[in-house]
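The values are calculated or read from the model by the stated rules, or taken from the named source; none is laboratory data. Being a predicted model, the structure only gives us computed values, none of them experimental. Cβ sites come from the backbone with ideal geometry, for glycine too, and all protein chains shown count toward neighbours. Ligands, DNA and RNA are stripped out before the accessible areas are found, and what is left, the full protein with its side chains, is counted by its heavy atoms. Shrake-Rupley method; radii C 1.70, N 1.55, O 1.52, S 1.80 Å.
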Amino acid sequence: MIHVWMSLDPETRRVTLQTREFGDGDLPRGLRGQGWPIRQAHIDETTWDALLAGELTAVQQDDLHRTLWTENGATAWPDL
């Protein structure tokens with residue numbers, strides 16, 4: 001299992017996944033990047049590798065992001 005951090009763009013509702021904590025350079029500068037919700041999750045290596053290799057369709061990526069977001073926080077997608 002791989003530990004990932006997720007951030008949710010409140011404007012576009014796109015999720016960003018990465019294997020390290022979010023730092024100053026990871027979100028947009030200024031007011032645009034402030035207040036993005038962040039959660040942590042675990043993802044299996046096979047799925048992670050497929051995601052990085054571009055082997056998941058856009059629908060599969062969205063489903064993965066929404067599932068991880070919902071399963072790892074107090075509120076479900078899209079009830080932020």
Looking only at residues in region 49-64 that are of a type in the set (A, V, I, L, M, F, W, C) and not in a helix (DSSP H, G or I), which one is least open to solvent (accessible area, probe 1.4 Å)?
-> LEU56
Identity of the residue in region 1-44, within 15 Å of HIS65 (Cα to Cα) and of a type in the set (Asp, Glu), that ends up modelled with the lowest pLDDT | ASP9
So which of THR12, THR75, THR67 ends up being part of a helix (DSSP H, G or I) and either of a type in the set (Gly, Ala, Ser) or loosely packed, with under 15 Cβ neighbours inside 10 Å (or both)?
-> THR67
How about region 15-40: which of its residues are charged (D, E, K, R) and in a loop (DSSP other than H, G, I, E, B)?
-> ARG20, GLU21, ASP24, ASP26, ARG29
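Report the residue count in region 36-75 for those that are aliphatic (A, V, I, L, M) and free of Cβ contacts under 8 Å to residues at least 24 places away in the same chain. If you could, list the steps in order and put the result at the bottom.
In the first step, residues of region 36-75 are kept if they are aliphatic (A, V, I, L, M); the result is 38, 41, 43, 50-53, 56, 58-59, 64, 68, 74.
Now restrict to residues that are free of Cβ contacts under 8 Å to residues at least 24 places away in the same chain: 50, 52-53, 56, 58-59, 64, 74.
Total meeting the criteria: 8.
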Out of all the residues in region 33-48, which are over 15 Å from MET6 (Cα atoms) and either in contact with a Phe, Trp or Tyr (Cβ under 6 Å, 6 or more places away or on another chain) or open to solvent by 90 Å² or more (accessible area, probe 1.4 Å) (or both)?
-> GLU45, THR46
